[in-house]
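Engineer: Mind having a look at this structure? Questions to follow.
The values are calculated or read from the model by the stated rules, or taken from the named source; none is laboratory data. None of the values given here were measured: they were computed from a predicted structure. With ideal geometry, Cβ positions are generated from the backbone for all residues, glycine too; neighbour counts draw on all protein chains shown. Remember, those area values only see protein heavy atoms, side chains included, never the ligands or the DNA or RNA. Shrake-Rupley method; radii C 1.70, N 1.55, O 1.52, S 1.80 Å.
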Amino acid sequence: MSKKKVLVTGGAGFIGGNFVQYMVERYPEYDVYNLDELTYAGDLTKHSGIESKDNYHFVKADIADRETIIPLFKKEKFDYVVHFAAESHVDRSITDPEIFTRTNVLGTQVILDAAKSIDITKFVHVSTDEVYGELDFDPTTFFTEETPLQPNSPYSASKASSDFLVRAYHETFGMPVNITRCSNNYGPYHFPEKLIPLTISRVLNDEKVPVYGDGKNIRDWLHVQDHCSAIDLVLHDGTSGEVYNVGGHNECTNLEVVKTIINTLEKSDDLIEFVTDRLGHDKRYAIDPTKLEKLGWKPTYNFETGIAQTIQWYLDNKKWWEQIISGEYQSYFEKQYSI
Ligand code: NAD
Ligand code: TYD
């Protein structure tokens, strides 16, 4: 029997990259295809450990390029599609929203049309809790799968739009789909424009860390490995047409996150620099993961063990993030922050 084929879009990015490695190692009986355009956020050096394996394949392509994507699906006849490829940074969506609509909405539409043209077993659309909007600081309130979508940023609006397209392809064409909505991820290979890797890399270089507003906004942090195991479970066991929220009850204020990193690295809180708040800054995200837990998912990290592992990874892999922050990232940082 021929091997099952799993297409992972955005597999050169942070979460998609971790997921590709997870699948290649865990399922030698699957052929894993990583499709990525290699934007500023994509990098293949992270896959040096798996690139020579027989069950790993790379395709460089733009998900919005219909002329390439449809024939590729017809040729390869993928069994599973796990769709990560996206523009993913809220701050970039505030300064340049258009690319978010192109990639996240039109790109998803092309991937759905391609999946519709063949007989797939499951399409998992990797979305975000940010589509639900924001919660207030009442710690007893959570996002459930029934929470209405009220996206606030151009990023979350584009992700919500793509969620609706995925839902529509299930309702209209009967496509076997799941949507996962995860809280903020952290872990190895996180691009250093996001809060946790930005803080670790800057603290290690004794540079100031920009904290937006008063630092009291809350995010619900999940280690990327736990996100990978959640997607694996939903891919194989999720009921078609269902949405699954992913989160491990690890709420922290941004200031708590930054101080934890500074303390672990035995540096001074003087590195904290409060800067102008993000426009439309969502106050709080928090996930109720009951539905996914009932399917059998359990995270392996809490924030304490996960952040310790992540800091150690950045200490051990300085070459990876130094190569990123010394490239075009530097001009991005200077434009974004005047510190
Ligand atoms: P990332 O920015 O690190 O990676 C995105 C990847 O997509 C990159 O490799 C990039 O090259 C690729 N890509 C971008 N545009 C493309 C295009 N037009 N064609 C092909 N490839 C393209 O993102 P991430 O943080 O790994 O997030 C992955 C997915 O998970 C996104 O859909 C995001 O919305 C979702 N998500 C992220 C988080 C988080 O905390 N980072 C949480 C929940 C959900
Ligand atoms: P981020 O990592 O960009 O993820 P998201 O916006 O998707 O939640 O930001 C996490 C939180 O940290 C968010 O409340 C904004 C804040 N933040 C800072 O305070 N300083 C920074 O330099 C960055 C990038 C984010």
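Engineer: Per 0.36 nm of contour for each residue apart, how much would the distance between ASP113 and HIS281 grow if the chain were fully extended, relative to their Cα-Cα spacing? Please report the intermediate quantities before stating the final value.
Structural biologist: Numbers: separation 168, 0.36 × 168 = 60.48 nm, distance 3.40 nm.
Length gained between ASP113 and HIS281: 57.1 nm.
Engineer: Something else: What does the charge count around GLU145 come to, taking other residues whose C-beta lies under 11 Å from its C-beta (Lys +1, Arg +1, Asp -1, Glu -1)?
Structural biologist: Working: positive: ARG181, LYS291; negative: ASP129, GLU146, GLU242, ASP288.
Once positives and negatives cancel, what remains is -2.
Engineer: Next up: For the chain, what D do you get in µm² per second when you plug the Kirkwood radius from alpha-carbon pairs into Stokes-Einstein at 10 °C and 1.306 mPa s? It would help to have the intermediate numbers written out before the result.
Structural biologist: Details: Rh = 20.3 Å.
Result for D is 78 µm²/s.
Engineer: Specify the residue with the greatest mean-square fluctuation among HIS125, HIS223, HIS89, computed from a Gaussian network of the chain linking alpha-carbon atoms under 10 Å apart.
Structural biologist: Sorting by GNM fluctuation, first place goes to HIS89.
Engineer: Next up: Looking at the calculated P(r) for the stretch 29-154, what percent of the C-alpha pair distances fall above 22 Å? Intermediate values should be presented prior to the final figure.
Structural biologist: On the way: 3734 of 7875 pairs.
Here the long-distance tail beyond 22 Å is 47 percent of all Cα pairs in the stretch 29-154.
Engineer: What is the sum of charges, Lys and Arg at +1 and Asp and Glu at -1, for the other residues whose Cβ falls under 10 Å from the Cβ of GLN336? Mind showing how you got there, number by number?
Structural biologist: On the way: positive: ARG92, LYS335; negative: ASP91, GLU193, GLU334.
Residues close to GLN336 contribute a combined charge of -1.
Engineer: Let me ask something additional. When all C-alpha to C-alpha distances in the stretch 91-148 are sorted into bins of 10 Å, what percent of pairs does each bin hold, rounded to whole numbers?
Structural biologist: Distribution as computed: 17, 33, 32, 15, 2 percent.
Engineer: With every protein chain left in place and a probe of 1.4 Å, what is the accessible surface of TYR314, to the nearest 10 Å²?
Structural biologist: 0
Engineer: Continuing with this model, one more query. When DSSP beta bridges are limited to those with both residues in the chain, what percentage is antiparallel, rounded to the nearest 5? Show your work: numbers first, answer last.
Structural biologist: Details: 4 of 42 bridges.
In the chain, DSSP labels about 10 percent of beta bridges as antiparallel.
Engineer: Something else: Averaging over all projection directions, find the projected area of the Cα convex hull of the stretch 130-279 and quote it in nm² with one decimal place.
Structural biologist: Across all orientations, the stretch 130-279 yields a mean hull projection of 10.0 nm².
Engineer: Suppose we keep just the DSSP beta bridges with both residues in the stretch 152-310; what percent of those would be antiparallel, to 5?
Structural biologist: Details: 3 of 15 bridges.
So the antiparallel bridges in the stretch 152-310 amount to around 20 percent.
Engineer: With each run of n ≥ 4 DSSP H residues scored as -39500 (n - 2.57), what mean residue ellipticity at 222 nm is computed for the chain after dividing by its residue count and rounding to the nearest 500 deg cm²/dmol?
Structural biologist: One gets -11500 deg cm²/dmol as the mean residue ellipticity at 222 nm.
Engineer: Also, quick follow-up: Please give me, ordered by residue number, the GluC sites (Glu not before Pro) of the stretch 1-106 that lie in loop per DSSP and have at most 16 other Cβ atoms within 10 Å.
Structural biologist: Working: sites: GLU25, GLU29, GLU37, GLU51, GLU67, GLU76, GLU87, GLU98; in loops: GLU29, GLU37, GLU51, GLU87.
For GluC sites (Glu not before Pro) across the stretch 1-106 that sit outside H, G, I, E and B with at most 16 neighbouring Cβ atoms in 10 Å, the list reads GLU29, GLU51.
Engineer: Considering only protein heavy atoms and a 1.4 Å probe, what is the carbon-and-sulfur percentage of the accessible area of the chain?
Structural biologist: The nonpolar share, carbon plus sulfur, comes to 49 percent.
Engineer: Would you mind checking which residues have amide H under 5 Å from ASN178's amide H? H placed 1.01 Å from N; only 5 or more apart, or other chain.
Structural biologist: For ASN178, whose amide H was placed from the backbone, the distant partners under 5 Å are PHE123, VAL124, HIS125, GLY241.
Engineer: May I pose another question? Can you give the accessible area per residue of the stretch 154-295, in Å², using a 1.4 Å probe?
Structural biologist: Numbers: 5090 Å² over 142 residues.
For the stretch 154-295, the per-residue accessible area is 36 Å².
Engineer: Sequence neighbours fewer than 8 away in the same chain don't count; with that in mind, list the lysines whose C-alpha is under 26 Å from LYS259.
Structural biologist: By straight Cα distance, LYS259 reaches LYS194, LYS208, LYS216, LYS267, LYS283, LYS318, LYS319, LYS335.
Engineer: Can you sort ARG102, ARG26 by solvent-accessible area, 1.4 Å probe, largest first? Before the final figure, lay out the partial values.
Structural biologist: Details: ARG102 95, ARG26 135 Å².
Correct descending sequence by accessible area is ARG26, ARG102.
Engineer: At q = 0.32 Å⁻¹, what is the log10 ratio I(q)/I(0) for the stretch 261-312, with the Debye formula run over Cα points and no solvent?
Structural biologist: Log10 I(q)/I(0), no solvent term: -1.12.
Engineer: Separate question: If one puts a single equal scatterer on every Cα of the stretch 13-86 and applies the Debye formula without solvent, what log₁₀ I(q)/I(0) results at q = 0.14, 0.21, 0.27 Å⁻¹?
Structural biologist: Debye intensities relative to I(0), on a log10 scale: -0.43, -0.99, -1.49.
Engineer: Under Stokes-Einstein, with the Kirkwood radius over Cα pairs standing in for Rh, what whole-number D in µm²/s applies to the stretch 119-197 at 25 °C and 0.890 mPa s?
Structural biologist: Numbers: Rh = 14.3 Å.
Calculated translational D: 172 µm²/s.
Engineer: Same structure again: Around THR310, what is the net charge, scoring Lys/Arg as +1 and Asp/Glu as -1 over all other residues with Cβ under 13 Å from its Cβ?
Structural biologist: Details: positive: LYS194; negative: ASP226, GLU304, ASP316.
Within the 13 Å Cβ shell, the charges total -2.
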